[in-house]
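Worksheet: one structure, shown below.
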Amino acid sequence: MECKLDKECCSCDYMAYKKFITPCVIKILLCVGVVVAFFGGITFMVREDFVAGLLIVFLGPVAVRVASEYLMMPFRILEAIEAKTAPVEGTPTDPVRPEAIIS
């Protein structure tokens, strides 16, 4: 699918599966999870146990961050592989055939 718009066209990249939506969704869920952990910890401090609520306030956002990094890992690996396999400018894009080298 050739994009008729400019090269920065995001919708064309998403529709062609060149970019994934999931990393954006994971980042949004990270923000929501941090807010929920923080306010859940404060609620737990007030209603139940102060020390346990304090632990939730401090360790909850860290746990949410670790979980989101774990979910983002395959996408970062994909980006690293794509960066290593991207063609370098000035090099031919056709693979070299062994018979071309011999003759």
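The values are calculated or read from the model by the stated rules, or taken from the named source; none is laboratory data. The model shown is predicted, which means the values in this text are computed figures rather than measured ones. Cβ placement follows ideal geometry from the backbone for every residue including glycine, while neighbour counts extend to all protein chains displayed.
Check off (1) modelled with pLDDT of 90 or more; (2) surrounded by fewer than 12 Cβ atoms within 10 Å (Cβ to Cβ); (3) among the β-branched types (V, I, T) for I21 and give me the number that stays unchecked.
Every listed condition holds for I21 apart from (1).
Among the residues of segment 32-58, write down those that are surrounded by fewer than 16 Cβ atoms within 10 Å (Cβ to Cβ) and among the small types (G, A, S).
G40, A52
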